[in-house]
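In what follows, a structure is listed as structure tokens, so that the remarks can point back to it.
The values are calculated or read from the model by the stated rules, or taken from the named source; none is laboratory data. If you're wondering where the values come from, they're calculated on a predicted model, not measured in any experiment. Positions of Cβ are generated from backbone atoms using ideal geometry, with glycine treated the same way; all protein chains shown enter the neighbour counts. Heads up: the accessible areas ignore ligands, DNA and RNA and are worked out on the full protein's heavy atoms, side chains in. Shrake-Rupley method; radii C 1.70, N 1.55, O 1.52, S 1.80 Å.
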Amino acid sequence: MKSLGVALIGAGSMAAKHAAAVARSNDTHLALVIDRDRTRAAALAEQYGAAAHTSIAAALTCDAAIVASSTSNHREDALPLIASGLPVLVEKPIGASILEVIEILAASDDIDGVLMCGFVERFNPALAAFASLAGRRISAVTTERVGPPPTRIHSSVVDDVLLHDLDLVLRLVDDDAPVTVRLHAHDWPAGAPWPESASVELTFAGGATASLRASRAATTRVRTIGVRAGSTSRSADLLTAPGDPLSAQLAHLLDLTRYGTPSERAAERAGILPAHELADRIGSEIGSACVQ
């Protein structure tokens with residue numbers, strides 16, 4: 001089976017991690033790096049023997065694409081790739097607003113495209129600790145995801161950090177609808193449009209609760225998740241688990257591309273929106289707090 005040529009959109013730190021994952025795979029090779037800064041594109045491309053370009057149109061010669069550019073550019077970068085029928089993975093959040101998220105999803109729905117969001121924690125082997133809870137009603141979930149500030153910030157702590165755990169929680173409670181959201185936002189930099197830390201309490205229609213903490217203002221990195229179902233509790237450290245979630249995510253993209261059925265592609269797309277909608281709801285709460 002031939003190796004698929006992957007176009008990587010973006011040349012920053014997250015793009016570099018994707019480039020390494022593509023290079024580790026026996027089924028893919030990095031064919032092209034595209035960035036608005038040609039020098040940055042060339043620097044990353046040279047490490048993997050790939051070509052460098054500044055135009056999205058160049059990606060249309062490849063077999064698949066990964067969009068890891070700035071969040072503000074996701075819509076502009078993803079839509080022409082989707083329209084061409086290319087399988088696309090877009091880093092989270094897939095759009096700079098909920099309207100952009102819906103537009104990107106609709107474009108892929110229209111052509112029954114292969115579209116994934118970079119919810120890499122779905123592929124973390126540490127989540128295997130919860131396999132024994134399958135089919136049991138989850139009563140409570142707790143998460144903590146904190147760390148030092150990144151070099152470059154493109155979106156709020158909700159979209160950049162908390163979104164991963166919102167996705168995990170919604171999957172654990174079977175996408176049960178949250179009926180109440182209580183928010184505490186703190187670590188507000190002077191003049192910033194959003195805080196660097198947020199704690200969220202969720203109550204779901206089925207009675208489950210979730211307590212989530214996210215921060216980009218911590219001195220050390222912590223990523224943990226705990227789940228309670230009846231009298232059984234499980235916890236996992238998402239940082240220390242063995243395995244390679246980014247490579248597993250790439251493998252899933254390849255499986256959808258080569259073997260995915262229409263129902264599997266539709267299910268993948270449908271699983272993108274709920275966490276973005278909940279993040280938008282929380283973001284609106286933060287916006288209200290900022291105005292007050």
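Here are some notes:
- Residue check for Arg75: open to solvent by 20 Å² or more (accessible area, probe 1.4 Å), closer than 28 Å to Pro149 by Cα and out of contact with any helix residue (DSSP H, G or I) (no Cβ under 8 Å at 6 or more places or on another chain): no
- If the condition is being within 18 Å of the chain's Cα centre (by Cα) and not small (Gly, Ala, Ser), then region 137-148 contributes Thr143, Glu144, Arg145, Val146.
- From the list Ser70, Ser25, Ser97, the one residue that fits, being among the small types (Gly, Ala, Ser) and open to solvent by 40 Å² or more (accessible area, probe 1.4 Å), is Ser97.
- Leu212 vs. criteria open to solvent by less than 50 Å² (accessible area, probe 1.4 Å) and closer than 30 Å to His29 by Cα: no
- Positions within region 1-11 being part of a loop (DSSP other than H, G, I, E, B) and buried (at least 19 other Cβ atoms within 10 Å of the Cβ), in sequence order: Gly10, Ala11
- Near pairs, Cβ below 6 angstrom, 6+ apart or cross-chain, from region 99-117 (touching a residue at least 12 places away in the same chain (Cβ under 8 Å) and more than 22 Å from Leu168 (Cα to Cα)) to any residue that is open to solvent by less than 30 Å² (accessible area, probe 1.4 Å) and in a helix (DSSP H, G or I): Ala107/Ile82; Ser108/Ile82; Ser108/Arg269; Gly113/Ile82
- Residues in region 237-262 that are under 18 Å from Ile82 (Cα atoms), touching a Lys or Arg at 6+ places or on another chain (Cβ under 9 Å) and open to solvent by 50 Å² or more (accessible area, probe 1.4 Å): His252 only.
- Tally of residues being more than 15 Å from Ile272 (Cα to Cα) and either buried (at least 16 other Cβ atoms within 10 Å of the Cβ) or touching a Lys or Arg at 6+ places or on another chain (Cβ under 8 Å) (or both) across region 100-136: 7
Okay, residues lined up against (1) at pLDDT below 95; (2) on the phi > 0 side of the Ramachandran plot; (3) of a type in the set (A, V, I, L, M):
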| residue | (1), (2), (3) |
| --- | --- |
| Glu103 | no, no, no |
| Arg122 | no, no, no |
| Gly135 | yes, yes, no |
| Thr142 | no, no, no |
| Pro148 | yes, no, no |
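- Enumeration of residues in region 140-185 that are more than 19 Å from Leu278 (Cα to Cα) and in contact with a strand residue (DSSP E or B) (Cβ under 6 Å, 6 or more places away or on another chain): Val146
- Residues of region 174-224 that turn out to be modelled with pLDDT under 90 and either under 19 Å from the mean Cα position of the chain (by Cα) or among the aromatic types (Phe, Trp, Tyr) (or both), as a count: 5
- Among all residues of region 79-87, there is at least one that is open to solvent by 40 Å² or more (accessible area, probe 1.4 Å) and more than 17 Å from Gly5 (Cα to Cα).
- Checked against the criterion of being among the basic types (Lys, Arg), loosely packed, with under 13 Cβ neighbours inside 10 Å and either closer than 23 Å to His18 by Cβ or in contact with a helix residue (DSSP H, G or I) (Cβ under 7 Å, 6 or more places away or on another chain) (or both), the candidates Arg234, Arg221, Arg265 yield just one match: Arg221.
- Annotation note: of Ser139, Ser108, the sole residue that is within 29 Å of Leu256 (Cα to Cα) and of a type in the set (Ser, Thr, Tyr) is Ser108.
- One residue stands out in region 163-195 among those that are without any contact (Cβ under 8 Å) to a residue 40 or more places away in the chain and on the phi > 0 side of the Ramachandran plot: the one that is surrounded by the most Cβ atoms within 10 Å (Cβ to Cβ), namely Asp187.
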